[in-house]
1. Let me check the size of segment 167-287 from its C-alpha atoms; what are the radius of gyration and Dmax in Å?
2. Would you work out which of Leu220, Leu258, Val284 lies farthest towards the positive end of the dipole of segment 195-309? Charges go on Cβ: Lys and Arg +1, Asp and Glu -1.
3. Note down the magnitude of the dipole of segment 117-199 about its Cα centre, charges +1 on Lys and Arg C-beta and -1 on Asp and Glu C-beta and zero elsewhere, to the nearest 20 debye.
4. At a Förster distance of 30 Å, what's the computed FRET efficiency of Leu505 paired with Val349, Cβ-Cβ distance as r, to 0.05?
5. Rounded to whole Hz and in sequence order, give me ³J(HN,Hα) for segment 179-196 from the Karplus expression 6.51 cos²θ - 1.76 cosθ + 1.60, θ = phi - 60°, writing x for Gly and Pro.
6. At a probe size of 1.4 Å, how large is the accessible area of Tyr79, to the nearest 10 Å²?
7. Could you sort Ile227, Ile198, Ile188 by their accessible area in this structure, using a 1.4 Å probe and putting the largest first?
8. Relative contact order (percent) for segment 137-217, with alpha-carbon contacts under 8 angstrom and 6 or more residues of separation?
Amino acid sequence: MSETRIYKAPEKERISFIKKKQQHQNGLKFQPENSNFGFLCLLMTSTMLPFLVGYHFTLVNPIIPALKIMYNETYMSRYGEAMSDSTWLGLLTMSVSSIVVGAFVGGTTTKFLLNFVSSKRLNQIAHVINLIAIVVSSLIGGVTQSYEAFIAGRLIAGIPCGITFNLAPMLVAELSARRKRGFWESTIGVSISFGFLIAAILAHPKVLGSLTLWPVLIGLGLLPSFIYLIASINIPETPYYLLRHGRKEEALDVLTELRKNEDESVAKQEVEEIENEIGDSGKVYGIVKILKNKQYRNQLIAVFALYANLMLCGVNNILFYSDLIFKEAGISADNVTFATIGVFALQFVMALIGAKFVDRFGGLKVTIAGSIGFIVSLTLFTVSQAMVYKQNFTVLSPLHTTADEQLLTNGSAFASVTHSTFTAETTSLIASAQDGANPWSFVSVLAIGIFMVAWSGGTHISTFALLGELTIEPTRATCFSYGNAVMWTTSWIVSFVPPYLQEALGPYSMVIWLGFTVFFLVYMVICIPDTKGRTTKQIQAKFGGKTDSSASFGIVLTEVESLNV
């Protein structure tokens, strides 16, 4: 008589079964992975254009002395006299800040342009615009020594920068498998930080930041665009775009290529989920429809809050004047540029680490952690500056300096330099401060270090991870477009308001950014849902004011022994 044996599944199979069962119970019926081809598509999409944002924004600061010489020579050849300080400051302001104007234009027109072209095509157009901008500023400006051409090139270069902050998160959200979407969207922030670092290194006067080599420095920005445009020949349209235009069979084929070991049946399941997200209309909702619907309106407010928090934490108040803060700590003028390179190196390293935290803990938790870091650093910075003031030492504010001092150290990154004041009393204070470093100044540097760690390794990258997951396909373009306008507007404000804050509040000028940080932290904790381990339906239930019993924070495995396998 044959003996009946009961088959007992191996441990790995049992755990896999449990995961699938609980994923099914939580609404996660399948979790596809990106294929190698999908990896390459996402790599090109999430790195090339964002890298150029960081590169363009950083490279001008170290070459300002070279630009001043070039501008003065051009002015003398035209008018037969040396350029006045007021004329130079006006040209400097336009040279540096024109890219922000271009970014505002690019950010606010993204949604409009998506009515006529696909997201992939718009990404290609953005790279072509970048090529044009570099030709104008580097080739024409370099050969003719024309400051008008340089400024025009910077203005044009800002357009793809503005488009990037809308388009890159959108493309990643529509190309990546959901479980890796947060990681790839955080890569956008990493790429921007890498652009900061590379530009700071290459723009050093002893590398490519000299009077004769600055056109080459700008011209190197051609390479990422050329690489993407060549690679984009094989990058497909996103499945969202194809389904929105009724091309279901093509969407199935694309999903099969983008996902690892995905057969047609699994691809069909993902297509169904995308179709549910798109809805019956398959249209992009306008601002009026979004404002009338509670769920969509809350999405828009969340996007606004995240973009505003990215800037109103006061990052520009610190980033664009870091050289003078280091000088206050006793670093010599010859080493200030190296210190700036160190800051951007720290940014990049922390962005890499932060990307892993975003992948593990989700964008919301990392953003909240970053805000807590801001609160600690801004409080420490304010206390240290108050102690410097109290002890009658000079407060070498990054905003309180002459145009010449700003130029020789790092140069004003924005037009706030035109508001700077410099009195005989300040001159005396600076001279006395050079005799010895105030110990509280080093505390200020420590506070700045904490801030940069929190921003680069937290908020800067986690914001992008959240943006794509909090919005749905019909609202995404509109929310990103208007949110991008909010970001560039607040960026402009944070760059120009500080001189007035310094004059009115003195050592307490950072308190306003502390207040904004606390406000947005409270909003995020109360109103923004955690996206880690949740489906689109569960995330949107929070915005719609509904209670979803399956909306749990992640998937918690029960003991293997509790199930009969």
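The values are calculated or read from the model by the stated rules, or taken from the named source; none is laboratory data. All of these numbers come straight from a predicted model, not from anything done at the bench. Note that each Cβ is placed from the backbone with ideal geometry, even for glycine, and that neighbours are counted across all protein chains shown. We work out accessible area using only protein heavy atoms, side chains counted, and drop any ligands, DNA or RNA first. Shrake-Rupley method; radii C 1.70, N 1.55, O 1.52, S 1.80 Å.
1. That works out to 19.7, 61 Å for Rg and Dmax.
2. Of the options given, the answer is Leu220.
3. The dipole magnitude comes to about 440 debye.
4. Using R0 = 30 Å, I get an efficiency of 0.35.
5. Whole-Hz 3J(HN,Hα) from phi for segment 179-196: 5, 10, 5, x, 4, 5, 6, 5, 4, 4, x, 4, 5, 5, 4, 5, x, 4.
6. It works out to around 130 Å².
7. Details: Ile227 85, Ile198 45, Ile188 0 Å².
My answer, sorted largest first, is Ile227, Ile198, Ile188.
8. 25 percent
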